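Take a look at the structure below.
No lab work stands behind these numbers, since they all come straight from the coordinates. Predicted, not measured: the structure shown is a model, and the values here were computed from it. Reconstructed Cβ throughout: ideal geometry from the backbone, glycine too, with neighbour counts over all protein chains shown.
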Amino acid sequence: MRTDVMWKPPKLRRAGGVLLHPTSLPTPFGIGDLGPSALAFVDELKRAQVAWWQVLPLGPTGYGDSPYASFSSFAGNTHLISPVGLAEDGLLQPSDLAAPPFPVDRVDFGRVIPFKNDLLEKAWQRYQNQPPPGLRAELAKFLEEHAAWLSDYALFRALKEHFPGKGMLDWPEPVLRRERTSLDEARRELRARLDFYAFGQFLFYRQWHRLKSHAHDRGVRLLGDVPIFVAADSADVWAHPELFLLDARRQPTHVAGVPPDYFSVTGQLWGNPLYDWEEHSRTGFAWWIQRLQAALDQVDLVRLDHFRGFEAAWHVPAGAKTAEVGDWLPGPGLSFFRAVQEALGELPLVAEDLGEITPPVRVMLAELGLPGMRILQFAFDSDADNPFLPHHHVANTVVYTGTHDNDTTRGWYRQAEEGSKEYLKKYIGRAALGDHHAVWELIRLAWSSVAVLSVVPLQDILELGTSARMNLPGQGHGNWDWRLHPEAPLRAAFDRLAEFSHLYARCPPAPPKAPEEAPQAAGHPENSNGAPQS
């Protein structure tokens, strides 16, 4: 392996972004999807002079519904497939779109999942009985292009269905250990279900790329998220056990987390299996290269989660109740990034460098030249030396008011200590500051920062309180279910954000006009699928 490859950081221009996971979009179907509401949201971003839409990981979620605990690092979440899109493609009848009444402000996963699965089964049956013109050829091409991971994933999901209620570790030993005879028998017995799960992935990717093309046509780019770790009960661990620190029974010997931190006095016990980096290095990091390549097929820029873990990760003994006891053990360091860069060329990555960042991590980040992250909610709890304060920002940075792991900014300010509130008021030169004013003051600080990208969660743009929080780290339930209300005043809030984009030079460049370009219709009509309204 070459060791003289110089890392090329992403070429970014000054711009703004909005953080919203697709599950939070308003639709009549209980969960956001990749259909009309997503297309309309992109149109609103364009109108608001916002160049980036940031999403959370897009993989299929399991217990707890966390996008950071997916059944696969490569597959897509089929619950995001738009029923309207399926009807437009001839895979559903109009009568299939009659959804039961769902809450408008929360995702009721317990009801949504069987409803969406039933629609997917109907689409599969219709495809088998009367495939729309051209779709069979598209599916065949997809199966060929994604064969490296799709076969194992489809079999993994079919086996989970075949052994209902059982995690992978409770499967029969020959299947768990992937003995060839048992797998051949399973593939024969479950052939129809393998085809069904592969078909679901085809539909997800087809709709996602349609959305991505729509965004690109409007000058909006997509910022995705790659979690550093994978779920213990996943196709990744089942298909590639040699890449993880497991015992002879496929149980993790140690699990991932972080010691006590800002979010939890007992640390965060994530429970993910840890990597056998020696084995990854022996293969030239082939699995990781494929993973990043797949992510960059979906999005334009990747937030690389828990960047510190590539230098050293917190190893908690398996069975521990908290993450208080563990050891920092080394990761692959620069050798990993050099291998990735050699294989894939210039990669657009953002390093999630939050938490306790040691000097070796800072050296690695500087060597790579990747942009890190700054969170304004962390900025006002100490003094003028706080690195999250705007006067310490550098251009090669992405600044946030808060992330999916934080309270909303309005909720944060309401619960902040008086010292932090006073510091913020002095910093911005205001004698008094209500919680709704504090939200837009932090957005202003983010947009005026020298950071190349500024990103704000949609909840902050709408000045929402703690009830709109997306995730509370360390809490295993009640997360990831916030939804944008169909009647939320999105247009007015985005108008205000557009003013900031003009004021602080974050507007995207105007796209070049074609010689005979036809004038476009003004505005965006409200649609019947709960899209953001004018």
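Placing a label point 7 Å from the Cα of His209 along the Cα-to-Cβ direction, the residues of the stretch 142-159 with a backbone N closer than 11 Å are 142-146. A protection proxy built from the mean count of other Cβ atoms within 10 Å ranks the segments 486-495, 26-35, most packed first, as 26-35, 486-495. Antiparallel beta bridges, as assigned by DSSP with both residues in the chain, represent about 40 percent of the total such bridges. Close amide H pairs (under 5 Å, H built 1.01 Å from N) link Leu347 with Lys8, residues at least 5 positions away or on another chain. Per the Debye formula on identical point scatterers at the alpha carbon atoms of the stretch 1-132, with no solvent, log10 I(q)/I(0) at q = 0.09, 0.12, 0.18, 0.20 Å⁻¹ is -0.36, -0.59, -1.07, -1.23. Scanning residues 5 or more positions from Phe244 or on other chains, those with amide H under 5 Å from its amide H are Asp276, with H placed 1.01 Å from N in the peptide plane.
Give, rounded to the nearest 20 debye, the magnitude of the charge dipole that the stretch 290-421 has about its Cα centre when Lys and Arg contribute +1 at Cβ and Asp and Glu contribute -1 at Cβ. Walk me through the numbers before you get to the answer.
Values: 10 positive and 19 negative charges, 38 e Å.
I would put it at about 180 debye.
The distance separating the Cα centre of the stretch 410-426 from that of the stretch 108-178 comes to 48 Å. Over the stretch 61-126, Cα pairs under 8 Å with separation of 6+ residues give a relative contact order of 31 percent. Listed peptides 141-151, 467-477 appear in the order 467-477, 141-151 once ranked by packing, highest mean of other Cβ atoms within 10 Å at the front. Over all other residues within a Cβ to Cβ distance under 15 Å of Glu324, the charged ones net out to -2, with Lys and Arg as +1 and Asp and Glu as -1. Residue by residue, the stretch 461-475 carries 3J(HN,Hα) couplings of 4, 8, 6, 7, x, 4, 4, 9, 4, 8, 8, 10, x, x, 9 Hz when phi is fed to the Karplus relation 6.51 cos²θ - 1.76 cosθ + 1.60 (θ = phi - 60°); x denotes Gly or Pro.
Computing FRET efficiency as 1/(1 + (r/R0)^6) for His162 and Glu487, where r is the C-beta to C-beta distance and R0 is 45 Å, gives about 0.55. Quick one: if you stick a label point 7 Å off each Cα along the C-beta vector at Glu342 and Glu145, how many nm between them? Roughly 2.8 nm, to one decimal. Each Lys or Arg adds one and each Asp or Glu takes one away; over the other residues whose Cβ falls under 9 Å from the Cβ of Leu169, this sums to +1. Across the stretch 21-31, rounded Karplus estimates of 3J(HN,Hα) from the backbone phi angles (6.51 cos²θ - 1.76 cosθ + 1.60, θ = phi - 60°) give 7, x, 4, 8, 5, x, 9, x, 9, x, 8 Hz, Gly and Pro being marked x.
Our summary of shape: the Cα atoms of the stretch 135-216 have principal axis extents of 47, 24, 19 Å, ordered from largest down, in whole angstrom.
In nm, what is the difference between 0.36 nm times the number of residues separating Val325 and His436 and their Cα-Cα distance? Walk me through the intermediate numbers first.
Values: separation 111, 0.36 × 111 = 39.96 nm, distance 4.01 nm.
Using 0.36 nm per residue and subtracting the Cα-Cα distance, I get 36.0 nm.
Amide H contacts under 5 Å for Ala312: Gly331, restricted to partners 5 or more places along the chain or on a different chain, H placed in the peptide plane at 1.01 Å from N. Placing pseudo-labels 7 Å out from each Cα toward the beta carbon at Tyr262 and His392 gives an inter-label distance of 1.1 nm.
Of the peptides 108-114, 310-316, the ranking by mean beta-carbon count within 10 Å, highest at the top, reads 310-316, 108-114. Under the criterion of Cα pairs below 8 Å and six or more residues apart, the relative contact order for the stretch 13-119 equals 30 percent. Based on alpha-carbon atoms, the Kirkwood radius and the radius of gyration of the chain give Rg/Rh equal to 0.95.
Straight-line cross-link reach from Lys141 at under 26 Å between alpha-carbon atoms covers these lysines, not counting any fewer than eight positions away in the same chain: Lys116, Lys122, Lys212.
Within the stretch 46-122, the ratio Rg/Rh, alpha carbon atoms throughout and Rh by Kirkwood, equals 1.01.
Give, as a single signed number, the net charge of other residues whose beta carbon lies under 13 Å from the beta carbon of Pro457, with Lys and Arg counted +1 and Asp and Glu -1. Here the count lands on -2. Taking every C-alpha pair closer than 8 Å and separated by at least 6 residues, the mean separation divided by the residue count of the chain gives a relative contact order of 22 percent. Backbone phi angles across the stretch 345-360, fed through the Karplus curve with coefficients 6.51, -1.76 and 1.60 (θ = phi - 60°), yield HN-Hα couplings of x, 4, 10, x, 10, 10, 8, 7, 10, 8, x, 7, 9, 7, x, x Hz in residue order; Gly and Pro are listed as x.
Rank Ala51, Phe337, Asn77 by how far each Cα sits towards the positive end of the charge dipole of the chain (+1 on Lys, Arg Cβ; -1 on Asp, Glu Cβ) and give me just the farthest. Looking along the dipole axis, the top candidate is Ala51.
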